[in-house]
Amino acid sequence: MGELATNNIFESQTIVADHKDLIHDVAYDFYGERMATCSSDQYVKVWDTDGQGGWRLTASWKAHHGSVWKVTWAHPEFGQVLATCSFDRTAAIWEEVGDTTASGSEKGLRTWVKRSNLVDSRTSVTDVKFGPKHLGLLLVTCSADGIIRIYEAPDVMNLAQWTLQHEIPTKVSISCLSWNPSLSRSNSNPPMLAVGSDEPNNVNATGTQSDKVANNEKVFIYEYSESSRRWTRTECLSSVVEPVNDLAFAPNLGRSFHLLAVATKDVRIIKIEPLPESSSATNGSAVRFKTEVLAAFEQHNSCVWRVAWNVTGTLLASSGDDCCVRLWKMQYMNQWKGVAVFKNDAASSESTAPARAHTTYTRLAAMANPAHMPYH
Amino acid sequence: MSGNKLDVLWSPIHHDKFIVWGQDITLYDVARLQDIEKKSTYTQLSSSRGATVVASQSASGVRCVDISSIVDHPDPLLALGHASGRVTLTSLKQTYDPLGLVGREFVARYPRPCISVAWNRTETNLLAAGMDKHRSDHCILLWDVQSCGLDEFDEGLSHPVSEPARPIAELGMGETAHSVSWCGFAPRTLVASMNLKHIKIFDLRESGDKASGTATHRQCLGAVCEAAGWRVASRGDAGACVWDARALARPLLALPTPRPPRRLLWCPTRRNLLISLQRDSSTLRLHDIQQVQESKLHQSMDSVTSAAALEEAEAEAPAGGALERDVAVCGAPLAAFACHPAHRARLLVLSAAGALCEYTVAERVTPAWGAGGELAWAGGGALRRMPPAFYSHERDISHVMRARALTEYGLKPDLWQNADLAEDEALSGLWHFLALSKSLVEDGCIRNSPWKHPGVRAVLRSPGEGYRSEAAATLLPDLPSRKVTTYRSAERTRALQLCGWGWGWDSAGAGVERAEAEGTPCRAAALAAFHLRLRAALDVLARARAPALRVAALALAPCAGAGAADERLWREALAAAAPALPDPYLRALLHFLAAALPPSAPQPHQPDYSAVLNETEMRLEDRVAFACIYLPDGALHEYVSQLWSGLRARGSLAALLLSGVSAEGVGALQCWLERSGDVQSAALLAARCAGPELLRDERVRGWLAAYRALLDAWRLWWARCLLDTWAAAGGGGEGAGAGVACTYCGKPVAAAATARPRPAFARLPPPAAKMKQISSCPNCRKPLPRCGVCSLHLGTAVAGGPPAPPAPPPPAPALPPAPGVAGAHFDGWFSWCVACRHGGHAAHLLQWFSEHTECPVSSCTCRCSALDPPDPPPAPAPNDPPAPAPPALPAADKS
């Protein structure tokens, strides 16, 4: 009942994004007042709210020489900064500046300038994310050849300078990554990254030997050790063995555990609970977490594309092969349920069918019956 | 393709018509299921659409089919290529034929199979046919169907084939054309697969039959060009290839497939999407072609590093790739598919068994959440947004918290004021409890508590600690003959006070009246009865508005009337009726009476109150208070412990009544937070009620940090600031915001003017009136920096404005000046540019930057006002560095 109503209302809330190709990513800024989109047409667009619930396009520029996969905002503390990554093997840092040549009435015009181009990858850069603010200005990228790169801007005033701090080879194609947004800086919560691989399962490797099965794990947790100054893989989630399209840590609002949503064949919500130091010490250093699959939803047919958490980590949005956006909500402790479905309905796309290519020559025949004049 | 000849084609102009070509050629009409008449037979295509047969004709001898794009034709006009070399035009349905094209025939000079026909999509009168090899004839023939038939058209349709039409162009002498198709990048351009080894592009605008481009490759069959672009796709035994029509020297991309593709099509509605169907496959493979644009032009504009990268990129040619995925359409092996010409990503699939199925390719939809709870997603070329009405259907905690934060929930000076803002029973009960416990502690009723808000468990010590309650047989005022054992001690009294009951009828009577006034007569009656005032209980029930309750009073009457022999009857009736009563308090009341008034003569016995104590719908405080009166020490302790562990495990907020805001209370709050996600209440409770010790707890700091981040994201800085103030007042003071220090001695400038201590607002600057006029450092007497505009020292009043007392930049950047309050003094505040560190009086700088972008200090070219993004309105102002080092970033700011 609620779903129908929401579907109807939502009709009026479409913005024509005017991207010439598939839109790959949408990102809100920290305040939810600006939105950036990126597309296969190699453009990035920035939208600002007009205060009445509408969006106004304020910038659009060609950012890369290939499809732009992801776009992400830095914390406003660092200025109005975007990072993009692309098929053209680069990631780029963009900053919004005033038009320095303009003055007077044109002062309001703003442009985005490329502050830095991160060219270390040899293959398509599949994801880019800014690190949690308390770690400074950190950026992590991952590429199709499986290398995770962590960059740091040592001087937050100078966005042109990024140093490659860590390079973590994973040997599998990495499609997505997510920082653990935990705000605490204590020792029990070192900087943590989850990465997901979209490496297709090798048919020969599955089921033959147990050690081969281990290779099918698709989600890895990396943690930074302050003492060794290295990122190490501390956990492989054995519950996910299908290629992963997206994953996201939920904002940690004072929870003692982390929630990780994984988009694979289904929508998975995985609870990652850090074990107390004592118990991990008795088990040896191997086990740091207790993981538990809280939910696995298969409503998106066979493939889930993206997952996204709301600001409190209580609503999860997912999109998949069924052309729907579905919302999932935590009901009671660890119980998750679908609460809404938004159809990316075909009806509207039919009505916006492009006009036919202009005919260079048509023969105008006498029209005997106007009813037979089709489609004009 | 020619094996069992099963194919499906959409009409390029009739969006609801397609043909299936097998043994017969059948024209179908697509309609929504509800529009199809019940009686007619139809083939279901999808959950919403079906297709009905319009016309059909035999397809014997037909080798190839294409549908024309002539707009004026009411029904699809087909060109059929026959094995004999003829190409005939036909419309399956006999209808009106405005152009007189139906039935026309085009014949090759020498008979051989016609392998391929293709209508031009823009110049709709052009028809190309690819023929088998003949040593003395061309293999590609072109006809202009309209101009050829022009003469006959005027005379009528009697002899359309009297004179064989002559091709307007002939190409490929002595070759074989396996497929011909028109190119999208230029008019009158053909791409053809020839001789099993070439792809040739013919530009008909050039004279002669020489190909304008030729590629020799194994994967050369079925060349098709994308609708608007230069790319050509071809297939072969080992996969597919993508070519650039401008540079056919080598393929842009090779797309190997496990099995030879039978069919290859560019998606007409989406660029870069190539769809292939492999032999005997039940899946379609979607190739999302990715290309790095050649960008030599951009090279010079980019920085040195990127130029180097591009050189590398070129070394690693070909720079392109494809994201491939397989989509299973209907499980069965597929024979053919066709893309709808206009509808986005709509495919029609024909399985080998002849079943039709419609399929929509799902594009990647990307959802994203905004901080304010907006959900946007991109799909189908548009951005869509979730309607705000969603939250009225689904009350998510994020929305609830934001609404509460807007009402200054949790920040009101008195704890109980927050209760109503919560709009949640458990939360408002908790705020009332906290207000109560605070007042009890402040009044000195509860002493020796380590916490500001002790709970029942802290007050009631365990019996092992050497306290004993005194058991007293209490007379029932209304039933003189009966006695009930009650227990009392100082600890129990305090616990009762925490539960809001108080000891004795004097304080409880007020509670009864209050409960009655709140519209809960049952609770009032039960409270009275628990205090052994049966008369009062009866009176309350008698006054109740609901008649059912007045009836319930009947049940009480017999026991009040000093029951006699019929008491057993009453007791049995009670046992049967009590569970059926709707109100938990009424049930508890009856259970209590049944248990407390023993049937036999008064004798020392321990009544069984478990039915009352387990009445979980009663409020927790009433149950605990009841236990505090009627349970002996051991049982009471056990009951409270049991309650605590149960509530704690369930993550219930009520557990705080037992624990208070204490170390274990923090644990209970954490459980509740993990269950509900309400970090707001947890953080506010901690900020308001936790002592310094608890505020140092890692979990509590986590709540506060998380809630601060939320408030920042919601732009509720005022609320965030109040939260910080409360937390600081609670003892968990975090560092203040930015301050100004003297360049020379390094001491803070503002600290010299010692403001009188104001506990709750210690971080606010002292009132401006109290400030001395300081234009020099109070410590070392060196002058403070000058304003870049008026050249006066920091600390002097702003000329031109109202004579505002100068306040040195107070350490409150986190505090947005409330309109009308601080605005009067703001003109004199000092502000500076973070880049060049020149500064001046705020009013002067605002005035300056309304007309300039450059720093007012001469010889400084810093474009201070252009440094920041447009939205945050205040233009940062430049200034001499007031502090040798930039002030430490405010820890509380934006954390």
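The values are calculated or read from the model by the stated rules, or taken from the named source; none is laboratory data. Predicted, not measured: the structure shown is a model, and the values here were computed from it. All Cβ positions, glycine included, derive from the backbone under ideal geometry; neighbour counts span all protein chains shown. Keep in mind that these areas ignore ligands, DNA and RNA; they rest on the heavy atoms of the full protein, side chains included. Shrake-Rupley method; radii C 1.70, N 1.55, O 1.52, S 1.80 Å.
Could you please find all residues in region B:68-96 being open to solvent by less than 10 Å² (accessible area, probe 1.4 Å), among the hydrophobic types (A, V, I, L, M, F, W, C) and more than 14 Å from every other protein chain (Cβ to nearest Cβ)?
Of everything in region B:68-96, those that are open to solvent by less than 10 Å² (accessible area, probe 1.4 Å), among the hydrophobic types (A, V, I, L, M, F, W, C) and more than 14 Å from every other protein chain (Cβ to nearest Cβ) turn out to be B:LEU78, B:ALA79, B:LEU80, B:VAL87, B:LEU89.
Looking only at region B:348-378, count every residue that is more than 12 Å from chain A (Cβ to nearest Cβ) and either part of a strand (DSSP E or B) or touching an Asp or Glu at 6+ places or on another chain (Cβ under 6 Å) (or both) and tell me the total.
Looking only at that region, the number is 6.
With the requirement that a residue be buried (at least 16 other Cβ atoms within 10 Å of the Cβ), under 24 Å from B:LEU554 (Cα atoms) and within 48 Å of the chain's Cα centre (by Cα), what does region B:498-535 give you?
Passing the criteria: B:GLY511, B:VAL512, B:ALA515, B:GLU516, B:THR520, B:PRO521, B:CYS522, B:ARG523, B:ALA524, B:ALA526, B:LEU527.
It is to be established whether one or more residues within region B:601-622 are in a helix (DSSP H, G or I), open to solvent by less than 10 Å² (accessible area, probe 1.4 Å) and modelled with pLDDT of 85 or more. Steps first, answer last, please.
Of the residues in region B:601-622, the ones in a helix (DSSP H, G or I) are B:610-613, B:620-622.
Filter once more, keeping what is open to solvent by less than 10 Å² (accessible area, probe 1.4 Å): B:612, B:622.
Within this subset, residues satisfying the condition of being modelled with pLDDT of 85 or more are B:622.
Yes, some residue in region B:601-622 is in a helix (DSSP H, G or I), open to solvent by less than 10 Å² (accessible area, probe 1.4 Å) and modelled with pLDDT of 85 or more.
Residue by residue through region B:642-660, note down the ones that are touching a residue at least 24 places away in the same chain (Cβ under 8 Å), open to solvent by 10 Å² or more (accessible area, probe 1.4 Å) and away from chain A (no Cβ under 14 Å).
The answer is B:TRP644, B:ALA654, B:LEU657.
Regarding region B:265-274, can at least one residue be identified that is among the hydroxyl-bearing types (Ser, Thr, Tyr) and open to solvent by 20 Å² or more (accessible area, probe 1.4 Å)? Break it down into steps so the answer makes sense when it comes.
Of all residues in region B:265-274, those among the hydroxyl-bearing types (Ser, Thr, Tyr) come to B:269.
From what's left, open to solvent by 20 Å² or more (accessible area, probe 1.4 Å): B:269.
Yes, because at least one residue in region B:265-274 is among the hydroxyl-bearing types (Ser, Thr, Tyr) and open to solvent by 20 Å² or more (accessible area, probe 1.4 Å).
Which one is nearest to A:PRO181 (Cα to Cα), of the residues in region A:313-329 that are open to solvent by 10 Å² or more (accessible area, probe 1.4 Å) and at the interface with chain B (Cβ under 7 Å from one of its Cβ atoms)?
Checking each candidate, the answer is A:LYS329.
Yes or no, residue by residue, for (1) among the small types (Gly, Ala, Ser); (2) surrounded by 20 or more Cβ atoms within 10 Å (Cβ to Cβ); (3) in contact (Cβ under 8 Å) with a residue 12 or more places away in the chain; (4) facing chain B (nearest Cβ under 7 Å):
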| residue | (1), (2), (3), (4) |
| --- | --- |
| A:HIS24 | no, yes, yes, yes |
| A:TYR31 | no, no, yes, yes |
| A:ARG56 | no, no, no, no |
| A:LYS62 | no, no, yes, no |
| A:SER67 | yes, yes, yes, yes |
| A:GLU77 | no, no, yes, yes |
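Could you check B:LEU415 against (1) more than 9 Å from every other protein chain (Cβ to nearest Cβ); (2) open to solvent by 30 Å² or more (accessible area, probe 1.4 Å); (3) assigned to a loop (DSSP other than H, G, I, E, B) and say which number it fails?
Among (1) more than 9 Å from every other protein chain (Cβ to nearest Cβ); (2) open to solvent by 30 Å² or more (accessible area, probe 1.4 Å); (3) assigned to a loop (DSSP other than H, G, I, E, B), the lone unmet condition for B:LEU415 is (2).
Only residues that are surrounded by fewer than 22 Cβ atoms within 10 Å (Cβ to Cβ), closer than 15 Å to B:GLU470 by Cα and small (Gly, Ala, Ser): list them for region B:623-641, please.
B:GLY634, B:ALA635
Give the residue that is most open to solvent (accessible area, probe 1.4 Å), with candidates limited to residues of region A:301-312 that are more than 7 Å from chain B (Cβ to nearest Cβ) and of a type outside the set (Val, Ile, Thr).
A:ASN301
Counting just the residues of region B:387-412 that are aliphatic (A, V, I, L, M) and open to solvent by 10 Å² or more (accessible area, probe 1.4 Å), which one comes out farthest from the other protein chains (Cβ to nearest Cβ)?
Selected residue: B:LEU411.
The rows are residues; the columns are (1) more than 11 Å from chain B (Cβ to nearest Cβ); (2) under 19 Å from the mean Cα position of the chain (by Cα); (3) part of a loop (DSSP other than H, G, I, E, B).
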site: A:ARG115; (1), (2), (3): no, no, no
site: A:ASP120; (1), (2), (3): no, no, yes
site: A:THR126; (1), (2), (3): no, yes, no
site: A:LEU139; (1), (2), (3): yes, yes, no
site: A:CYS142; (1), (2), (3): yes, yes, no
site: A:TYR151; (1), (2), (3): yes, yes, no
site: A:MET157; (1), (2), (3): no, no, yes
site: A:GLN165; (1), (2), (3): yes, no, no
site: A:CYS176; (1), (2), (3): yes, yes, no
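Can you name the residue in region A:226-256 that is in contact with a Phe, Trp or Tyr (Cβ under 9 Å, 6 or more places away or on another chain) and free of Cβ contacts under 8 Å to residues at least 12 places away in the same chain and, of all such residues, is least open to solvent (accessible area, probe 1.4 Å)?
Within region A:226-256, the match that is least open to solvent (accessible area, probe 1.4 Å) is A:GLY254.
From the residues in region B:220-239 that are open to solvent by less than 30 Å² (accessible area, probe 1.4 Å), part of a loop (DSSP other than H, G, I, E, B) and out of contact with any His (no Cβ under 9 Å at 6 or more places or on another chain), which one is modelled with the highest pLDDT?
B:GLU226
Looking at this structure, is A:VAL46 within 8 Å of chain B (Cβ to nearest Cβ), part of a strand (DSSP E or B) and either closer than 16 Å to B:THR366 by Cα or touching a residue at least 40 places away in the same chain (Cβ under 8 Å) (or both)?
Judged against the criteria, A:VAL46 is not a match.
Of all residues in region B:681-707, which are under 26 Å from the mean Cα position of the chain (by Cα) and either free of Cβ contacts under 8 Å to residues at least 60 places away in the same chain or facing chain A (nearest Cβ under 9 Å) (or both)?
Those that are under 26 Å from the mean Cα position of the chain (by Cα) and either free of Cβ contacts under 8 Å to residues at least 60 places away in the same chain or facing chain A (nearest Cβ under 9 Å) (or both): B:ALA682, B:ALA683, B:GLY702, B:TRP703, B:LEU704, B:ALA705, B:ALA706, B:TYR707.
Any residue in region B:25-41 that's open to solvent by 100 Å² or more (accessible area, probe 1.4 Å): show its pairings with residues that are of a type in the set (Ser, Thr, Tyr) and in a loop (DSSP other than H, G, I, E, B) at Cβ separation under 9 Å, as long as the two are six or more apart or on different chains.
B:ARG32/B:SER48; B:GLN34/B:SER48
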